[in-house]
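Here's the structure we're looking at; comments come further down.
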């Protein structure tokens, strides 16, 4: 089995390598397992725009390959008793062998911390996708020193960029605090946040699926609940 991180470099390397090896490669996996009986590598990934979760095996070719999204697996404690051998590989290429050249590189402008690294995240769904509510969410994020994220629908509506999207077609995050604002709780979204340590959900629909993933739930309109939370935090801070 060969597992490659689904980073920009990994997404470029893995399919090229699988082609050279005549092996299948399941890309952007959100789950991995082993079929012990058949000795098969079982990969799970979103398909059809996140509307379907596919389970894929490659029974006929070896090695079995997959790329895995950063953050989908919990980080284990370091085991000091284990060690590995690093084997340097010298690659000698002539200039004519290199068909792609990087002419210029620049870092994308960004503010704050990436959502996958943030300790506290406030995620907005379509229930909070209006200018008045979004302004309150940003104010609350400032008070909590949190980053603002969004569901796919909120991103597609233009409230945030894809870098801030949580879910099967976005990022997988594991913050200490995850505050879901106006999110229904579809599986395409919850797949990206179930590793959160503390989940608080606010939704006007008491039967919203997101409450099944929440440690604490508040049933109510965001325009009424958010100002109360903001005011309480300001009082606590004096």
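The table below lists the values:
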read-out: Number of positions in segment 63-94 that are surrounded by fewer than 10 Cβ atoms within 10 Å (Cβ to Cβ) and either touching a residue at least 12 places away in the same chain (Cβ under 8 Å) or in contact with a helix residue (DSSP H, G or I) (Cβ under 7 Å, 6 or more places away or on another chain) (or both); value: 1
read-out: Residue tally, condition in contact with a strand residue (DSSP E or B) (Cβ under 8 Å, 6 or more places away or on another chain), surrounded by fewer than 19 Cβ atoms within 10 Å (Cβ to Cβ), under 23 Å from residue 224 (Cβ atoms) and at pLDDT below 95, over segment 141-183; value: 1
read-out: Candidates 23, 106, filtered to the one that is part of a loop (DSSP other than H, G, I, E, B) and within 30 Å of residue 145 (Cβ to Cβ); value: 106
read-out: Positions within segment 192-214 being surrounded by fewer than 22 Cβ atoms within 10 Å (Cβ to Cβ), under 18 Å from the mean Cα position of the chain (by Cα) and either assigned to a helix (DSSP H, G or I) or modelled with pLDDT under 90 (or both), in sequence order; value: 194, 195, 213
read-out: Odd one out for residue 9, checked against (1) outside any strand (DSSP E or B); (2) surrounded by 14 or more Cβ atoms within 10 Å (Cβ to Cβ); (3) under 18 Å from the mean Cα position of the chain (by Cα); value: (2)
read-out: Out of 31, 5, sole residue that is closer than 23 Å to residue 163 by Cβ and either out of contact with any strand residue (DSSP E or B) (no Cβ under 7 Å at 6 or more places or on another chain) or at pLDDT 85 or above (or both); value: 5
read-out: Among (1) in contact (Cβ under 8 Å) with a residue 24 or more places away in the chain; (2) closer than 30 Å to residue 171 by Cβ; (3) assigned to a loop (DSSP other than H, G, I, E, B), the one test that residue 53 misses; value: (3)
read-out: Residue count for segment 117-133, restricted to those that are over 10 Å from residue 148 (Cα atoms), surrounded by fewer than 20 Cβ atoms within 10 Å (Cβ to Cβ) and free of Cβ contacts under 8 Å to residues at least 60 places away in the same chain; value: 5
read-out: When residues of segment 162-191 are limited to those that are more than 24 Å from residue 47 (Cβ to Cβ) and in a loop (DSSP other than H, G, I, E, B), the one nearest to the chain's Cα centre (by Cα); value: 175
read-out: Residue match in segment 29-45 (condition: under 20 Å from the mean Cα position of the chain (by Cα), under 30 Å from residue 151 (Cβ atoms) and assigned to a loop (DSSP other than H, G, I, E, B)); value: yes
read-out: Residue in segment 144-161 that is outside the structural domain of residue 53 (by TED's automatic domain parsing) and at positive phi present; value: yes
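The values are calculated or read from the model by the stated rules, or taken from the named source; none is laboratory data. None of these values were measured; they are calculated from a predicted model. Positions of Cβ are generated from backbone atoms using ideal geometry, with glycine treated the same way; all protein chains shown enter the neighbour counts.
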